[in-house]
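Data first, discussion second: the structure below is written as structure tokens.
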Amino acid sequence: MMKPMECLLEESAKVHGHLCPGQVVGVRMAILGCRLIGLDEPTQRDQIKKLIVYVEMDRCTADAVSHVTGVKLGRRSLKFMDYGIMAATFVNLETGKAFRVLSTEESRDLAQIYAPEVDKKSVQQLEAYKRMPDSVLFRVQQVQVNINELDLPGPTRQKAECSHCGQVIRDGRQVVKNGKILCKVCTDNCYFSHAREITWPAMNWSPHNGILKKPHIGIKKGMVFNKSNQVISKEKI
Amino acid sequence: MLKKIRVEDAVGEKISHDITEIRPGEFKGAAFKKGHTVCDEDICHLQKLGKNHLFLIDLEKDEIHENQAAAMLAKGLAGPGVVWQNNPKEGKICLYAQTDGLLVVDKATLAAFNMVDEVMCASLHSYTRVKKGQQVAATRPIPLVMEKAPVERAAAIARQNGGALSVHELKQVKTGIIITGSEVFNGLIKDRFAPILKQKMNDLGSFDTQIVFAPDDAALIQAAIQKHIDNSCELLILSGGMSVDPDDVTRKGIEKAGATEMYYGAAALPGAMFLMAYINDIPLMGIPACGLHHKTTILDLMLPRVLIGEHIGKKKLAFIGHGGLCMDCIECVYPHCPFGKGM
Ligand SMILES: [Zn+2]
Ligand SMILES: [Zn+2]
């Protein structure tokens, strides 16, 4: 059983940084999505591996969806599709069932009528989104998601090397241009430009030697540091 | 999916929707019913009705016809006490009151339903008193053929909490009336309140009323309340002594009688100094002097709601404000006026 909505909402708001209407929509979107694909406790070990969620926005709602479902970028269970749409698709890898849950535009207009006694707009939305039934808050599409094997969780399945810069590229993200393998950075379609390699101050710092943290302490012969860079004398050891 | 063909080519095809004919002052109705097979003689008639083309319906897997949709919508909308018949006329289904009673419309649900592009439903105002068989609403899908999913969604929205429209019978209650005021109690002036309140209860179908008079004395008002409760009255109406005047002690009396809830003041004119209280489950309604001079007041708005078992609190007394101003017409036509219908 999933935790009650209010409880999930409180946790999610804490993780996200504030309680906002997007948290309510996201929490409810996740509860509905999981229910539709037949997962009742997605964050539990036996279910976590069955779930992939595609979020179509990088807004408050995305955080709530990922908190409730437990999907994470680093686990490859959270996929960000940069569509600017308030929607998320929930895929059950075991059954192949997938549902795209969309937040309705009309729910924004209906906030006033579902929480008429609240005058501040954002609080009104928040309250109304708690009260609306799923059928008002969401539309649902059953969809087919063809997940490329290279996008699945699990070990790295493929490695390639950029013919231009030598960078190792994982999971098939290389581009083949004129028969040559390139990393995305070496194509024209990269999010940054004018890259040049530099050196930087205190570039030999490491958490272990702590040189950056305590340049004022002269390191004398016989001093011993622990891992937190505290000086401990030989006697104490 | 709809296919458009010329009328001349339609012989042998089935008509996909009712075709309305209007001969002013003479006839309005379906000249051709849905499902009628077009024959040679019909072509002229159809052209006279201005139809040079007809739609043929070719339903895809996920599509439905308007009549089928209308039935799904009506089924979702109709809550307790609301009935309908599955014989859509021009795609529209009417919903009717199953009994005499009070129509209650879940406005949020109705609005959410109407936000779905493909459907509509229009109703009478919430809290309209209706007669058995009276039409309370009508619904129809907008297109002739549409996808099933939005219709199903609209029907699901309508279905929440058991339907957007419901008609509730007014409960017959034993009513205890308390007429407060020392002048009336001592016979200095003649009471006019009791017959008015008795008549109002009779109009609402409750005939068992008991009347007690009390002077402006909190303890005696308390005793009168207790007497009615001991006589198993299910509703108490108190008149007079409701203003902020120091002699007006009705509120004190209600308090002493053990009110568990009390709301003084309502957003209606006449009726600003209305009082709503509860002693456990028994509602007490305090009507100020305006009830004497005006045919229709806040009491007329709230009584039927109390009689269908609605619990009246602060919020409901506040929400009456929009539309809560009586127009003071020379001849009162309530309920056929906007008073109290803006909630
Ligand atoms: Zn937020
Ligand atoms: Zn490269």
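The values are calculated or read from the model by the stated rules, or taken from the named source; none is laboratory data. These numbers come from a predicted model, not from an experiment. Using ideal geometry, Cβ is built from the backbone for each residue, glycine included, and neighbour counts are taken over all protein chains shown. Just the protein is used for accessible areas: all its heavy atoms, side chains included, with ligands, DNA and RNA removed. Shrake-Rupley method; radii C 1.70, N 1.55, O 1.52, S 1.80 Å.
Here the range B:162-177 is the region considered, the condition is being open to solvent by less than 30 Å² (accessible area, probe 1.4 Å) and within 14 Å of chain A (Cβ to nearest Cβ), and the residue that is farthest from the chain's Cα centre (by Cα) is B:G163. Residue count for the range B:147-161 satisfying the condition of being touching a residue at least 60 places away in the same chain (Cβ under 8 Å) and either of a type in the set (S, T, Y) or open to solvent by less than 40 Å² (accessible area, probe 1.4 Å) (or both): 6. Residue pairs whose Cβ atoms lie under 6 Å apart, separated by 6 or more positions or on different chains, with the first residue in the range B:282-302 and more than 18 Å from B:E331 (Cβ to Cβ) and of a type outside the set (S, T, N, Q) and the second open to solvent by 10 Å² or more (accessible area, probe 1.4 Å) and assigned to a helix (DSSP H, G or I), are B:P283/B:V306. Pull up the range B:178-209, narrow it to residues that are open to solvent by 20 Å² or more (accessible area, probe 1.4 Å) and of a type in the set (F, W, Y), then point me to the one that is farthest from B:D247 (Cα to Cα). Ranking the qualifying residues of the range B:178-209, first place goes to B:F207. The residues on offer are B:D117, B:D106, and the sole one that is surrounded by fewer than 19 Cβ atoms within 10 Å (Cβ to Cβ) and either small (G, A, S) or farther than 23 Å from B:E13 by Cβ (or both) is B:D117. Put simply, of B:V116, B:V130 the only residue that is away from chain A (no Cβ under 12 Å) and not polar (S, T, N, Q) is B:V130. Charged (D, E, K, R), under 22 Å from B:M115 (Cβ atoms) and within 16 Å of ligand 1 (Cβ to nearest atom): is that true of A:R28 in this structure? Yes; evaluated as a whole, the condition is true for this residue. Taking the criterion of being assigned to a loop (DSSP other than H, G, I, E, B) and more than 14 Å from chain B (Cβ to nearest Cβ), the residues of the range A:93-107 that qualify are A:L93, A:E94, A:T95, A:G96, A:K97. Checking every residue in the range A:155-164 against the condition of being in contact with a Cys (Cβ under 7 Å, 6 or more places away or on another chain) and modelled with pLDDT of 90 or more gives at least one match. Against the test of being farther than 17 Å from A:S103 by Cβ and within 13 Å of ligand 1 (Cβ to nearest atom), the options A:G38, A:G17, A:G70, A:G22 yield a single qualifying residue, A:G17.
Elements of the type strands (runs of 3 or more DSSP E) sitting completely within the range B:254-343 and holding at least 2 residues that are away from every other protein chain (no Cβ under 14 Å), modelled with pLDDT of 95 or more and buried (at least 18 other Cβ atoms within 10 Å of the Cβ): these cover B:275-279, B:282-287.
Of everything listed in (1) more than 14 Å from every other protein chain (Cβ to nearest Cβ); (2) aromatic (F, W, Y); (3) in contact with a strand residue (DSSP E or B) (Cβ under 8 Å, 6 or more places away or on another chain); (4) open to solvent by 10 Å² or more (accessible area, probe 1.4 Å), the single unmet condition for A:F90 is (4). Filtered by the rule that a residue be polar (S, T, N, Q), open to solvent by 40 Å² or more (accessible area, probe 1.4 Å) and either in a loop (DSSP other than H, G, I, E, B) or under 26 Å from B:A155 (Cβ atoms) (or both), the range A:108-162 gives A:Q112, A:Q141, A:Q142, A:Q144, A:N146, A:N148, A:T156, A:Q158.
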